[in-house]
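Undergrad: Below you will find the structure I want to go over with you.
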Amino acid sequence: MSGPTDRRIITELATHGYNADREAVTLIAGTADPDETIARAIETAPEDAFKITGEHIRSFLASETRNPPRESDTDPSVSPAEPDAGATDGGAVTPVETEGDSPIETPNAALVEPPNDRVPSDPDQRFIEILGDITGQSTGTGEYTDFVTVFRDRYEQLAGKLRGRVNHRPADAIQKMPGGGDAELIGMVNDIRSTASGHWLIELEDTTGVFPCLILKDREIADLVSEIVYDEVIAVRGTLADDAGILFTDEIFFPDVPHTHKPKTADRHVQAALISDVHVGSQEFADGAWSRFANWLHTAEAQHVEYLLIAGDMVEGVGVYPNQDKELSTIDIYEQYEEFAEYLKEVPGDLEIVMIPGNHDAVRLAEPQPAFDEELREIMSAHDAQITGNPSTVTIEGVSVLMYHGMSLDEMIADLPEEKASYDNPEKAMYHLLKKRHIAPKYGGKMRIAPEERDYLVIDEVPDIFHTGHVHKLGFGTYHNVMAINSGCWQAQTAFQKSVNIDPDVGYAPIVDLDTLDVTARKFI
Ligand code: D5M
Ligand code: FE
Ligand code: ZN
């Protein structure tokens, strides 16, 4: 079982200078006396070994006949029930309710030997194109001037989306206007504060200066203040005070997705599975659920699932947050990718796979994140996956999917009131990113944003599907006809997540019909 025993085994082996693979840890934990097994494993390890492998444990246990190991639970061809996963990844197949558009479906509970009756699809029917990948295009040097450039570009791109709706004037021109008249302004949010009498003062900045905008607390638009974040670009319309020093705001505009947005759909019945946050290398990786998912993909029922999109956090990584090493089943990052590659081999070979990195992956943390480097691509080469940056737009059979790992969702959920964005409804946080037409509107805070020549995080084209992960919660719904899907995870609750009350949705795969954009979340726990 993942948990304290595994942690102790890894630590014990590490103190003797050995890494261990996940199978070795599982096998050791399953013996009657794990300490004795560790001692024997070390004693019998080949001289040049730096890693204790499952193969090694199996061979010496077999030769000793005592402490027989239990059956490995990683074999995808065996029972769907986890023999030892306890409460975190049990064999129960209970559908749960979500706020999504469609019901949750579970695979056939009686499915013990999956039929393996999927007929490989015809790759000639497919078409896929990737846009907006910054890999290899990053030019930022981290200089102050780069930040000025990226902010200016953000302003220009988003102001361009607002210009059709307001007849704006630059801040310095408004400062010179006579008092009492109407004025419209497009600016980046520089400050938000409440006044002594409970009204709101928002300072908007453009390339010419800063202008204060007052929003009276009893106006209907005051409700919008709670969803405004620093550094986003908005427009306002209002009346200047008599001394023209402040704008009494009547209307607020976000760059937004037009209500008339008509998503494109595929010309044939074809489906995509959208997942993220696999976290291989974590003791909490739900290998049983993963194998059930992979087995299901081999069935005729999953015949039309021809695409698998993975929105980051392939592996648990190392040193991502304090004390993480205590929850690792594999300590070496490259071995984590090797294990991930093995798990990926469980899914049908005819699937077209697209992968972007997340904050646990071995690429730079600052967004936009480039794709995995050559060494990691080589490790994960089995399916010839499309490997691209975070974020990227992938067009599949005409349907554009904006894939983003989702780090800014934490910030949106922290800043917005519960009813506007929450961990229980991550799709609502996604709606706000679409409304702001920006992947990570707020600069600073916990987000790291790389200064580049362009702001690659502006959502320039409206996608048909917006796919994120990161918060480990399943949620989906539509915003102005864009299907927003946050895809849950394959990692049971970690000690850290427990300490902050994150209750992850483990082992779900939302399946999208690309011809209708209908979503069905399937549960594999
Ligand atoms: O993130 C999974 C979720 O847990 C996501 O909502 C962030 C949150 N999380 C995880 N670790 C931390 C720390 N150390 N501080 C704050 N929030 C955290 P994942 O990227 O999979 O770890
Ligand atoms: Fe994650
Ligand atoms: Zn993450």
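Undergrad: Excluding same-chain residues fewer than 8 positions from LYS264, which lysines have a Cα within less than 20 Å of its Cα?
TA: LYS435
Undergrad: Please list the equivalent ellipsoid semi-axes of the stretch 144-183, computed as the square roots of five times the alpha-carbon gyration tensor eigenvalues, in descending order and whole angstrom.
TA: Values for the stretch 144-183, descending: 25, 15, 4 Å.
Undergrad: Once the Cα atoms of helix 54-64 and of the chain are each reduced to a long axis, what angle between those two axes, in degrees from 0 to 90 to the nearest 10, is obtained?
TA: 20 degrees
Undergrad: Which order results if ARG268, ARG292 are arranged by neighbouring Cβ count within 10 Å, fewest first?
TA: The order, fewest Cβ neighbours first, is ARG268, ARG292.
Undergrad: Per residue, what volume in Å³ does the Cα convex hull of the stretch 280-322 take up?
TA: Output value, Cα hull per residue: 73 Å³.
Undergrad: Over the Cα atoms of the stretch 149-258, what is the Rg over Rh ratio if Rh follows Kirkwood?
TA: Here Rg/Rh amounts to 0.94.
Undergrad: Fewest Cβ neighbours within 10 Å first, please rank GLU346, GLU461, GLU367 accordingly.
TA: Going from sparsest to densest Cβ surroundings: GLU461, GLU346, GLU367.
Undergrad: Could you give the length gained by full extension between GLU418 and GLN125, i.e. 0.36 nm per residue of separation minus their alpha carbon distance, to one decimal place?
TA: Net length gain for the segment: 101.1 nm.
Undergrad: What is the angle, in °, between the Cα long axis of helix 426-436 and the longest principal axis of the Cα atoms in the chain? Nearest 10 is fine, range 0 to 90.
TA: Once rounded, the angle reads 40 degrees.
Undergrad: Another question, if that's okay. Using only alpha carbon pairs under 8 Å that are at least six residues apart, calculate the relative contact order of the chain and give it in whole percent.
TA: 19 percent
Undergrad: Still on this model: When a footprinting reagent is the concern and you count Cβ atoms within 10 Å, what order do VAL320, VAL25, VAL347 take, fewest first?
TA: VAL320, VAL347, VAL25
Undergrad: Need one word for the chain: rounded, prolate or oblate. Basis is the Cα gyration tensor (sqrt eigenvalues a ≥ b ≥ c); a/c below 1.5 gives rounded, then a/b vs b/c decides.
TA: prolate
Undergrad: Give me the extension gain from GLU36 to THR516: residue separation times 0.36 nm, minus the current Cα-Cα distance, reported in nm with one decimal.
TA: 167.1 nm
Undergrad: Measuring from a point 7 Å past the Cα of ASP146 along Cα-to-C-beta, which residues in the stretch 359-376 have an amide N at less than 11 Å?
TA: In the stretch 359-376, the label zone of ASP146 (backbone N under 11 Å from the point 7 Å along Cα→Cβ) covers 366-368.
Undergrad: Quick one: of the DSSP bridges fully inside the chain, what percent are antiparallel, nearest 5?
TA: 65 percent
Undergrad: Something else about it: Over the stretch 347-429, what is the relative contact order in whole percent, taking alpha-carbon pairs under 8 Å and six or more residues apart?
TA: Relative contact order of the stretch 347-429: 25 percent.
Undergrad: Note down the net charge around THR265, summing +1 for each Lys or Arg and -1 for each Asp or Glu among other residues with Cβ under 12 Å from its Cβ.
TA: -3
Undergrad: Can you order the peptides 233-245, 354-366 by their average number of other Cβ atoms within 10 Å per residue, highest first?
TA: 354-366, 233-245
Undergrad: Quick check: the distance between the Cα centres of the stretch 328-371 and the stretch 209-269, to the nearest angstrom?
TA: 39 Å
Undergrad: Given 0.36 nm per residue, what is the gain on full extension from HIS269 to GLN497 after removing their alpha carbon distance, in nm?
TA: Value of the extension gain: 78.2 nm.
Undergrad: Classify the stretch 293-436: rounded, prolate or oblate, from the alpha-carbon gyration tensor (a ≥ b ≥ c, eigenvalue square roots; a/c under 1.5 rounded; otherwise prolate if a/b is larger than b/c)?
TA: Note, shape of the stretch 293-436 comes out oblate.
Undergrad: Another question, then. For n ≥ 4 DSSP H runs only, could you compute -39500 (n - 2.57) per run for the chain, divide by its residues and tell me the 222 nm figure to the nearest 500?
TA: Mean residue ellipticity at 222 nm (helix-derived): -7000 deg cm²/dmol.
Read-outs throughout are calculated quantities, based only on the coordinates presented, and are distinct from any laboratory measurement. Only a predicted model underlies this, so the values are computations on that prediction, with no experimental measurement involved. Backbone-built Cβ (ideal geometry, glycine too); neighbour counts: all protein chains shown.
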